[in-house]
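Chemist: If you scroll down you'll find the structure; I have some questions about it.
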Amino acid sequence: MSQDIVIPFSSFETIFPLHVVFNDSLVVVSVSEEMQSLCAAINVGIPFKNCFRILQPYLEDFTYEQICAMPDEKYIIQTSNHLKFKANVIVQEKTVVFLCQLFIDDVEDYSALPKMEFGGDLLLCTKALDKKIENFKALEQSLRQKEEVIVEKERALVAEKEQARINKEKLSQNNKEIGFEIQKALLLGRLPKRENLTIEVLNIPSQEVSGDFYDFFNHDTKCMDLVIGDVMGKGIAAALVAAALKGVLLRCAGKANLPTRGFISPQKIMLRLMEEITPELIELETFATMCYNRFNLFTHKLISVDFGHTNILHYKFLSEQVQRIVGKNLPLGVQTQPNLEIAEEHFDDNDIFLFYSDGVIEVQNEKGEMFGEQKLMNILKQNSTKTPGEIIAKVRESLIEYSYQDFKDDVTCIVVKIEEVFSQTRIYNVLMITSCLDELKRVRNYITKTASKIRYFQNEENLNNLLLAANEVVANIIRHGYKNDPDNVIRIEISVSHSWIRICFVDKGIPFSMADEKNMNDIDEITDADLQQMSGGFGLYIIHSLVDKVTYHRDSKGNNYLSLIKNFQSETLRTASSDLDIT
Amino acid sequence: MISTQTENDIRIITVTADVLDASNSKEFKEQTAEIVKHPKVLIDMSALKFIDSSGLGAILSCLRGCNESSGELKLFAISKTVRTLFELVRMHKVFDICNTKEEAIASF
């Protein structure tokens, strides 16, 4: 690697004034004049050991091969006339050149010193420099290699990190997928297909799996249970607790359908569930909200047992109002409650129930304001003529429009609509009459003709009570609603289901509240003497006394709808067959 | 809608209509307004199959008319369905109700 320094021979003498050249037998082949003048004994043909003694390094037997083996060695040599020299050696083409320098201490006569003495140092410097360069280059090379190794390692590290990130993401994705699978398979029920209830579900999972769950249990064509719930927290833990909870629920509700004993009430199912699951939830330090509902289409009733869940919204077709059904029980996992409150709600055809998880009303806009229940109620009211599918679509649209970020919590919303009479009504017919009291007889005949097809109304008294109530309604409409103006019409619709008869009177008269039950219960407080003085006012009392339910509402077009509902089926399901025979 | 006869100085009003409702109760009241001023009045309800609150009101006005002239009014032969309404609004306590014409005549 070092470049040879080429010095012309003429200069060599000048640069290196003290030198001796030996051949490979270590016999002097050449000696400089200066050297010879210092030591006359050194002459061509003289063997090495007659010229010098080597003081350093210590060598027992001094040979050409040894010199060759130590090219960088510094020698201290001594001539036969006791002059000491430092010497460097150059071995070249089977010759050995000793480049010498006097040890100053030994010099007695400085005038005898050669004039030019720097050559040896220059060579040494050059050599040392060469060596240093070589070392630097080697170092540089080594550094470069190390640097490359580092870069390579760095690259590998980055790749590894990336791979780790991808793996982590994959794992998290997998976890999420597993979670979603758990949720879908175990927590979210399948939508039942029923003739008399239309059901639609909205379920938007949040970024994370959560503990929302719902399911449906069909008992028979007239009875369906719906459960909706939410386990505290998020992630797979919440989903697993929810799955376990549902497992216990399935077992408790599964026992509900015993053919010999009829259906077990939702209250009993929930008591059982509560007793079984509460200690476990307390141990896990978690809790769940839940609402168990039974739609009974025999009795037209919703029975609901609630554990701190969100309210149920009930759109009533007849009054065109949405009302809340508010639960009173504590969430599951707080404590075992000795008694469970149940809510019973009557429903009519075209009524709509909306169940939701708290994720729905807690959707936030950019100001951090929550969506809230009122908006949900408004959507329900404004879309009450739509199908559950359309209502659900509207809810989804409104939530997405309202929210400014992804949903933080699962959004679950279930809409159940009680289907139109025709599918479940055995009889449906209509009579139009003019607003004339002479029509009363026709009304009674019409009702008699229809109702007497039902065994219950083949009893004279039962039929008479119904006729009396209807008679009072029509008479009231004509006298008070239409003020005896005979040029109006009244439409009378009769619907008969398995368990009830409904007579609906539609008129365009002055609205007056026949459905108002106020002041109707105090006939017992009137004295006989006062009773004798009464010329009227019995009508409303009679109506309310003789039927099970009176509903009234007025639509935006000014039509009054008054319905009389008389159940002829006892509320218990065990008497399922006999009474509802239509002859 | 009604026929009248007198027996043992008792005026007997027989309701010939099978229905006494809002459509004919006014007519009933008009037709009976004078008759009920007699001191002893009986109303034969046997033909009546259906009565509503207006019909009831008409019968009640008969009672009031009779009371105004210090007379006595009794009903008899009320069908089961008519009685149901009477009981519902406690009219069975307000009226003197007999099972048969003979029983009614004998009770004066």
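Derivation of every value follows stated rules applied to the coordinates shown; laboratory data play no part. Note that the structure is a prediction, hence the values are computed from the model and not measured. Cβ sites come from the backbone with ideal geometry, for glycine too, and all protein chains shown count toward neighbours.
Chemist: Once you charge only the Cβ atoms, +1 for Lys and Arg and -1 for Asp and Glu, what is the size of the charge dipole of region B:1-47 about its Cα centre, to the nearest 20 debye?
Modeler: 180
Chemist: I would also like to ask the following. What is the mean number of Cβ atoms from other protein chains located within 10 Å of the Cβ atom of each residue in peptide B:90-98, rounded to a whole number?
Modeler: Average neighbour count from other chains, rounded to a whole number: 2.
Chemist: When the Kirkwood hydrodynamic radius is evaluated over all pairs of different C-alpha atoms of the protein assembly as shown, what value in angstrom, to one decimal, is obtained?
Modeler: About 35.7 Å, per the Kirkwood formula over Cα pairs.
Chemist: Counting only other chains, what is the mean number of Cβ atoms within 10 angstrom of the Cβ of each residue in peptide B:48-60?
Modeler: Mean number of neighbouring Cβ atoms from other chains: 5.
Chemist: Among A:S403, A:S304, B:S23, B:S3, what is the fewest-to-most ranking by other Cβ atoms within 10 Å?
Modeler: B:S3, A:S403, B:S23, A:S304
Chemist: In peptide A:477-484, what is the residue-averaged number of other protein chain Cβ atoms found within 10 Å of each Cβ?
Modeler: 1
Chemist: Follow-up. What lysines sit close enough to A:K367 to cross-link, taking a C-alpha to C-alpha distance under 30 Å and skipping anything fewer than 8 places away on the same chain?
Modeler: A:K176, A:K234, A:K375, A:K381, A:K394, A:K408
Chemist: Right, something else. Quickly rank A:227-235, A:470-478, A:177-185, A:20-28 as a protection proxy: mean count of other C-beta atoms within 10 Å, highest first.
Modeler: A:470-478, A:227-235, A:20-28, A:177-185
Chemist: Does region A:14-71 come out rounded, prolate or oblate by the C-alpha gyration tensor, with a ≥ b ≥ c the root eigenvalues, rounded set by a/c under 1.5 and, if not, prolate when a/b is larger than b/c and oblate if not?
Modeler: Judged from the Cα gyration tensor, region A:14-71 comes out prolate (a/c at least 1.5, a/b above b/c).
Chemist: For A:Y482, what is the net charge nearby, where nearby means another residue's Cβ is under 9 Å from its Cβ and Lys, Arg count +1, Asp, Glu -1?
Modeler: 0
Chemist: Sort region B:18-108 into rounded, prolate or oblate with this rule: let a ≥ b ≥ c be the square roots of the eigenvalues of the Cα gyration tensor; rounded if a/c is under 1.5, and if a/c is not under 1.5, prolate when a/b is larger than b/c, oblate otherwise.
Modeler: Taking the square roots of the gyration eigenvalues as a ≥ b ≥ c, region B:18-108 is oblate.
Chemist: Also: How many lysine pairs does region B:2-103 hold where the Cα atoms are under 20 Å apart and the two sit 8 or more places apart or on different chains?
Modeler: Lysine pairs satisfying the spacing and distance rule in region B:2-103 number 19.
Chemist: Decide, for region A:188-422, between rounded, prolate and oblate: order the square roots of the alpha carbon gyration tensor eigenvalues as a ≥ b ≥ c, take rounded if a/c falls under 1.5, and otherwise choose prolate if a/b is larger than b/c, else oblate.
Modeler: oblate
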